[in-house]
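Chemist: One structure coming up, written as structure tokens, with questions to follow.
The values are calculated or read from the model by the stated rules, or taken from the named source; none is laboratory data. Small disclaimer: the values here were computed from a predicted structure and weren't measured. Every residue, glycine as well, gets a Cβ built from its backbone with ideal geometry; the counts of neighbours run over all protein chains shown. For accessibility, only protein heavy atoms count, side chains too; no ligands or nucleic acids. Shrake-Rupley method; radii C 1.70, N 1.55, O 1.52, S 1.80 Å.
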Amino acid sequence: MTIKEHYDVGIVGAGPIGGYIASELSKDSDSIALIEQHKIIGKPMNCAGLITPRVFEKFAIPKEKIIQNEIKGAHIHSPTGNTLMIGGDRVHAVSINRTLFDQYFSDKAEKQNTSLFLNEKILSIQTEKNMVELTTSKDNKISCKCLIGADGPYSKVRDVCGFPQPKEFLRGIGAIVDNMSLDPNFVEIFVGERVAPGFFAWMIPINNEGTKARIGLCIQKNNNKSPNYFFQRMFKEFPTAAYLKKAVIEQKNGGIIPIGSLSQTVKDNIVLVGDAAAQVKPTSGGGIYPGLLCASHCVQSVKKAFNTDGFCPEILHEYHQGWKNDIGRELSMGIQFRKLYTKLSDKEFDKYIKKFNQPSITKIISEKGDIDYPSALLRPILKKTPSLIRLLPRFIR
Ligand SMILES: Cc1cc2nc3c(=O)[nH]c(=O)nc-3n(C[C@H](O)[C@H](O)[C@H](O)COP(=O)(O)OP(=O)(O)OC[C@H]3O[C@@H](n4cnc5c(N)ncnc54)[C@H](O)[C@@H]3O)c2cc1C
């Protein structure tokens, strides 16, 4: 039987961003629908699950159960095996159980009377007068005054409603592995053309013995080899293979990362947030913190729009300006840095990793380094290593 229901706000996608928005909006409204194509929120999980402790503080998320391990630093490995150690002084990041993280928001939303539609994929989106009508895979019709596309990197809302596309998509692959012997407080990062062209590979310990880890890599979309080709290579070749001699794969996954936030994220009464809007750090591919930050601007504007003359869609445009003012510059700087990064040859990776490997520089990185705001490092590093100014034309181009 077809159900026809009407809501003030319809949110497509119950990932962390859609779930967070639903949990915030449903504090003041019982007319919120959250629609998710999968049966279980947070599954399947396509994420390395590394975020900063800031996320827990800023978005008032309980740490118990969700945090798996604390990360104090990173070893960055060059193609020939030079290693740069950064951090080690304090907790710079945490590895999280992504499934529980996503479920935290949706559970909260549901308890506050959000109508949660699970196992229902949005198949079509029709805009009529001031309403949007969604048809689901169960042939239900959900209409809403305001539609929020939080439907991730492959966003249907973005594509059907004529929003611009992200600049680039990275292709990723990851796995949970057991039988490792990692330093439990350090992530291992590997760069270079043979390991992960255009991005990097990672090993993140997820327990405090360093025996379990999430490993993975991303590559540029235009590479003619698959992410799995490079993943297999991690087990066979220097420098990654040494870490994976006894590794047992428990679970494998893949996904894409959109890079290059959109120039338009509001159209009439439709809003895009999170990966759907490519609100992702171009340097690390991390989308949870910037996505949540942008989602908080979305919540503000949607609430204001509903508090003005019943519903005033024009106010939704404040969302676009709000998130741009907050994190737009950081994301743009990330794009510039990424342009430079993708042009570095293996020889240059070796050279710069060696160059940075001196206490005066690693101290700056440890003190000023912030995974969420990497641009904070630019000025102090340039001051300490003026020869890097030679790279600036490549950064700007
Ligand atoms: C390999 C890899 C590693 C990563 N590692 C990290 C990391 O360590 N740290 C970090 O911060 N970020 C990481 N990310 C990025 C992070 O996973 C995303 O930025 C984050 O999930 C974005 O959240 P979201 O809610 O916008 O989208 P998603 O998490 O993708 O959620 C979107 C939801 O919408 C649902 N959906 C989609 N289409 C429809 C439809 N038509 N109908 C109904 N439902 C639909 C999906 O099923 C999904 O549940 C990684 C990504 C990848 C691919």
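Chemist: If I model a spin label as a point 7 Å beyond the Cα along the Cα-Cβ vector, how far apart are those points for S332 and N228 in nm?
Modeler: 4.1 nm
Chemist: Follow-up question, since we're still on this one. Please state the relative contact order of the chain as a whole percent: Cα pairs under 8 Å, 6+ residues apart? Intermediate results must be reported in sequence, preceding the final value.
Modeler: On the way: 871 pairs, mean separation 74.1, N = 397.
For the chain, the relative contact order is 19 percent.
Chemist: Nearest 10 degrees, 0 to 90: what angle lies between the long axis of helix 288-306 and the longest principal axis of the chain (Cα atoms)?
Modeler: 20 degrees
Chemist: Where Lys and Arg each count +1 and Asp and Glu each count -1, what net charge lies around H75 among other residues with Cβ under 11 Å from its Cβ? Before the final figure, lay out each step's value.
Modeler: On the way: positive: none; negative: D183, E188.
Net charge in that neighbourhood comes out at -2.
Chemist: Express the carbon and sulfur contribution to the solvent-accessible surface of the chain as a percent, rounded to the nearest whole number, probe 1.4 angstrom. Can you show the working numbers first?
Modeler: Details: 9190 of 17850 Å².
Percent of accessible area from carbon and sulfur atoms in the chain: 51.
Chemist: What whole-number value in Å² describes the accessible area per residue of the chain for a 1.4 Å probe?
Modeler: On the way: 17850 Å² over 397 residues.
Result: 45 Å² per residue.
Chemist: Ranked highest first by the average count of other Cβ atoms within 10 Å around their residues, in what order do 377-384, 24-31 fall? If you can, show how the numbers build up before the last one.
Modeler: Numbers: 377-384: 13.9, 24-31: 17.2.
The densest-packed peptide leads the list: 24-31, 377-384.
Chemist: So between T83 and Q251, what do we pick up on full extension, going 0.36 nm a residue minus the alpha carbon distance?
Modeler: Length gained, T83 through Q251: 57.6 nm.
Chemist: Relative to the first principal axis of the alpha-carbon coordinates of the chain, what is the inclination of helix 98-111, with its axis defined by its Cα atoms, in degrees from 0 to 90 and to the nearest 10?
Modeler: 20 degrees
Chemist: How long is the gain from H317 to S360 if the chain were fully straight, where each residue apart is worth 0.36 nm and the alpha carbon distance is subtracted?
Modeler: Details: separation 43, 0.36 × 43 = 15.48 nm, distance 4.51 nm.
So the extension gain works out to 11.0 nm.
Chemist: Take every Cα pair under 8 Å in segment 29-138 that's 6+ residues apart, average their separations, divide by the length, and report that relative contact order as a whole percent. Before the final figure, lay out each step's value.
Modeler: Working: 161 pairs, mean separation 40.5, N = 110.
Normalised by residue count, the contact order of segment 29-138 is 37 percent.
Chemist: If you take the square roots of the eigenvalues of the alpha-carbon gyration tensor of segment 17-70 and sort them as a ≥ b ≥ c, do you get rounded (a/c under 1.5), prolate (a/b over b/c) or oblate?
Modeler: On the way: a/c = 2.75, a/b = 1.34, b/c = 2.05.
Because a/c hits 1.5 or more and a/b fails to exceed b/c, segment 17-70 counts as oblate.
Chemist: By per-residue mean of other Cβ atoms within 10 Å, what is the highest-first order of 335-348, 6-19?
Modeler: On the way: 335-348: 15.1, 6-19: 26.8.
With the highest mean Cβ count within 10 Å placed first, the list reads 6-19, 335-348.
Chemist: What is the angle, in °, between the Cα long axis of helix 346-356 and the longest principal axis of the Cα atoms in the chain? Nearest 10 is fine, range 0 to 90.
Modeler: 80 degrees
Chemist: Where is the GNM fluctuation largest for the chain (alpha-carbon springs, 10 angstrom cutoff): G152, G287, G162?
Modeler: The residue that fluctuates most here is G162.
Chemist: Given a cut-off of under 8 Å on Cα pairs at least six residues apart, what relative contact order in percent is computed for segment 254-369?
Modeler: Numbers: 110 pairs, mean separation 25.8, N = 116.
That works out to 22 percent.
Chemist: Continuing with this model, one more query. So what's the gap between the Cα centers of segment 58-82 and segment 229-259, to the nearest angstrom?
Modeler: After rounding, the separation between the Cα centres reads 18 Å.
Chemist: How much length would be gained if the chain were fully extended between K121 and K347, taking 0.36 nm per residue of separation minus their Cα-Cα distance, in nm to one decimal? Each step should come with its number before you reach the end.
Modeler: Details: separation 226, 0.36 × 226 = 81.36 nm, distance 4.69 nm.
This chain segment gains 76.7 nm when fully extended.
Chemist: Counting each DSSP H run of 4 or more residues in the chain as -39500 (n - 2.57), what helix-only mean residue ellipticity at 222 nm follows after dividing by all residues, to the nearest 500 deg cm²/dmol?
Modeler: Details: 12 runs with 116 residues, N = 397.
Helix contribution divided over all residues of the chain: -8500 deg cm²/dmol.
Chemist: Under a cut-off of 20 Å between alpha-carbon atoms, report the lysines in cross-link reach of K343, not counting same-chain residues fewer than 8 places apart.
Modeler: K167, K221, K225, K281, K351, K354, K355
Chemist: For the chain, what does the alpha-carbon gyration tensor say about shape, rounded, prolate or oblate, given a ≥ b ≥ c as the root eigenvalues, a/c under 1.5 as rounded, and a/b over b/c as prolate? Before the final figure, lay out the partial values.
Modeler: Numbers: a/c = 1.98, a/b = 1.66, b/c = 1.20.
Verdict is prolate for the chain.
Chemist: Same structure again: Specify the residue with the greatest mean-square fluctuation among T283, T385, T362, computed from a Gaussian network of the chain linking alpha-carbon atoms under 10 Å apart.
Modeler: T385
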